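Working notes, structure below.
The values are calculated or read from the model by the stated rules, or taken from the named source; none is laboratory data. Nothing here was measured: the structure is a model prediction, and the numbers come from that model. A quick note on method: Cβ atoms are made from the backbone with ideal geometry, for glycine too, and the neighbour counts reach across all protein chains shown.
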Amino acid sequence: MSKQRHTPTSDFNTEVKLKGFKAYEIDSKTGKGHSYNRKDFYKISLNTGKYIFHYADRSFETDDTILFFGNPHIPYSCEVISATNEGYASLFTEDFLKLSERSEGLLQSPLFKIGGTPILAINKEQKKELSAIFQKMIAEQDTDYLYKDEIIRNYINLIIHEALKMQPSESYSQQKNAAARITSVFLELLERQFPIESTEHPLELKAAQDFAKHLSVHVNYLNSAVKEITGKTTTDHIADRIISEAKALLRHTDWNIAEIAYALGFEYPTYFNNFFKKKTGHIPKSVRAAHL
């Protein structure tokens, strides 16, 4: 195919993509906060300072030491309020952690779920123990040891397990713009499925109910929020994006109609043809023929 995914311009992001992992120390110079959008990686950070974390449709205010879990499927942002802030952070890809079969289930824990709690209050003793783990990760990533990735995975798993033993922080408030936030999450999740680059991996989320289940919200709430914010239904957003991708596949690939239909989640080519014609007024073959 002629299409390519966007390549990050940041050397930092490129390093994480290539290695699957990056750990670093946070200080007042590097911890300036970041905007509300989807990030490219999972993140675990130990932060000391005054912050406001916006996570999906909730906000968490902190004024001490916290452990934060960021999910690449859920937009979030961090406002640094205090003049000084410190701590540690680790970024890692899903594939990096899933190389360990025991780790796959940890990514499904409440720490990374949209309906879960990504913020944990940390006391002084816990801060000392967790800081030591992060310091070991930072040191290990610069070694030449052949199995250092496995050691780093063990450190990540250890932090997650320690977090699962703790009590979640309840210092959060429901925001007035909750509908905007959940809509942003939905649109980000929808877009993450594209572009389609293989006929072997069809769309997994094809209906409003699929997205609602994935986001752990009621489908009526999701539909209402999306309609309120965008003026379009959840179903219309999904259909429009599928049509857009279908046109791109018809124009820029040599896949046959059946392969395109399957890749876009249609069980039979006939269903795809009828869907495409209903939405565009044309059949897929005519769109392809026009661009030969």
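Looking across Glu191, Glu170, Glu197, one residue alone is assigned to a helix (DSSP H, G or I) and either modelled with pLDDT under 90 or closer than 30 Å to Asp63 by Cα (or both). It is Glu191. Residues of region 48-99 that are more than 14 Å from the chain's Cα centre (by Cα) and under 26 Å from Leu18 (Cα atoms): Leu67, Phe68, Cys78, Gly87, Tyr88, Ala89, Ser90, Phe96, Leu97, Lys98, Leu99.
Of all the listed residues (Lys247, Lys285), the sole one being basic (Lys, Arg), modelled with pLDDT of 90 or more, touching a helix residue (DSSP H, G or I) at 6+ places or on another chain (Cβ under 8 Å) and more than 22 Å from Arg192 (Cβ to Cβ) is Lys285. Scanning region 121-144 for residues that are closer than 24 Å to Phe53 by Cα and among the β-branched types (Val, Ile, Thr) turns up Ile122, Ile133.
Taken across region 50-58, residues that are modelled with pLDDT of 85 or more and either touching a Cys at 6+ places or on another chain (Cβ under 7 Å) or over 26 Å from Ser184 (Cα atoms) (or both) do occur, with at least one present. The one condition from (1) exposed (fewer than 15 other Cβ atoms within 10 Å of the Cβ); (2) assigned to a loop (DSSP other than H, G, I, E, B) that Lys213 does not meet is (2).
Applying a threshold of 6 Å to beta carbon distances and a minimum spacing of six or more residues, or different chains, the list of pairs starting in region 182-209 at a residue that is within 24 Å of Tyr55 (Cα to Cα) and ending at one that is acidic (Asp, Glu) and assigned to a helix (DSSP H, G or I) reads Phe194/Glu245.
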